[in-house]
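Notes follow the structure.
The values are calculated or read from the model by the stated rules, or taken from the named source; none is laboratory data. The model shown is predicted, which means the values in this text are computed figures rather than measured ones. Heads up, the Cβs are rebuilt from the backbone with ideal geometry, glycines too, and the neighbour counts pull from every protein chain shown. Accessible surface is based on the protein model in full, side chains and every heavy atom, while ligands, DNA and RNA are left aside. Shrake-Rupley method; radii C 1.70, N 1.55, O 1.52, S 1.80 Å.
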Amino acid sequence: MSILERAVQEIADEMRKRTDRGQVASYIPELARVDPNAFGLAVIDAEGNVAAAGDADTPFSIQSISKVFTLTLALGKAGDRLWKRVGREPSGSAFNSIVQLEHEKGIPRNPFINAGAIAVTDLILSGHQPREALGEILRFMQFVADDYSIAIDDKVAASEERTGYRNVALANYMKSFGVLDNPVNFTLGVYYHHCAISMSCRQLAMAGRFLSRAGRNPTTGHVVIPAERARRINAVMLMCGHYDGSGEFAYRVGLPGKSGVGGGILAVAPGKASIAVWSPGLDPAGNSRLGQLALEMLTKRLGWSIFA
Ligand code: GLN
């Protein structure tokens, strides 16, 4: 067993025993049905070695982790023009907060809070039918993960669509400032569906490899995005990837990361590894409680914090 495999296995064993698991998200009814005792961890190092433990092959709803991939796509389409409709500063507010939008004239603080991600999705949708835009997002995910079995869980999307009053409010508010170009229900339809992509830790760690490898897909050697862009996406993940818990995540884990209310976290150790962890119980900021703890233990053990 390698040092990495041993670390991953021991952390997963330790997490199995913990009782302080946080609360499973319930505002999307379908997510409330998930087993709170699940825990998965998968790490892919720079040589392509995979270490996985626990429920690393069980698919879960990636939710806001999808926003890393929509940001990547939108930057590919619009380049720096994207930053006209969304900022890149930490918000210090909850993921679904509306307060800053009024002060900032409908321009969301960053692409990872819900408002910002909806604005990014709207950009990807422009010039397409919702079905085409969604297909493009899903195909991109399959391509970077090198796995064409990845799919959308329509039940989760429908569940959020029925209860997404906050997101409807955020989107309409932005629309009133002219920040969204497409009909609000079209943009939200695509947004809910990309949040409802289901992936396992192993698939997610595969998908994150290009961010840990200066923009390259190690399977094909192809450049997915320029190294400079990968660096910048990692910077936004570090500052904004955990909403009002981003400072805490940087302090404890020391890596760029993006969480989702499904309990997943994708973390990037530049030049070293792509890491995915999943435990459905969340802390009050909406970030996986044991997911953060497992990453803290892993980076400490392997010396992977970007702050050395
Ligand atoms: N789809 C979720 C929402 O819009 C995503 C939130 C999250 O994962 N933080 O509320």
Per-pair calculated FRET efficiency, R0 = 45 Å: A227 and R6 via Cβ, rounded to 0.05: 0.90
Rounded percent of accessible protein surface that carbon and sulfur make up, the chain, 1.4 Å probe: 52
Helix axis angle, 165-176 relative to the chain longest principal axis, alpha carbon, degrees: 50
F307 versus R162: modelled label distance in nm, points set 7 Å from Cα along the beta carbon direction: 4.4
The stretch 201-243 and the stretch 264-306: distance between their alpha carbon centers, rounded to Å: 15
Excluding exposed DSSP-loop chymotrypsin sites (Phe, Trp or Tyr not before Pro) (at most 12 other C-beta within 10 Å), longest clean stretch of the chain: 149-306
Surface accessible to a 1.4 Å probe, per residue, for the residues of the stretch 226-308, Å²: 34
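What dipole magnitude, in Debye to the nearest 20, does the stretch 1-138 give about its Cα centre under +1 on Lys/Arg Cβ and -1 on Asp/Glu Cβ? Working shown, then result.
Working: 15 positive and 18 negative charges, 116 e Å.
Roughly 560 debye, rounded to the nearest 20.
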Full-extension gain in nm, D13 to K84, via 0.36 nm per residue minus C-alpha separation: 21.0 nm
With Cα atoms, 0 to 90° folded angle of helix 66-78 axis to the chain main axis: 50
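Going by the alpha-carbon gyration tensor, a ≥ b ≥ c the square roots of its eigenvalues, is the stretch 151-239 rounded (a/c under 1.5) or, if a/c is not under 1.5, prolate (a/b greater than b/c) versus oblate? Let's see the in-between values first.
Numbers: a/c = 2.80, a/b = 1.61, b/c = 1.74.
Taking the square roots of the gyration eigenvalues as a ≥ b ≥ c, the stretch 151-239 is oblate.
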Cα-projected label distance for S176 with V99, points at 7 Å along beta-carbon direction, nm: 1.9
GNM top mover of R16, R109, R202 - the chain, alpha-carbon springs below 10 Å: R16
Å² per residue, accessible surface of the stretch 8-62 at 1.4 Å: 49
Degrees separating the helix 184-195 axis from the principal Cα axis of the chain, which is the longest one: 10
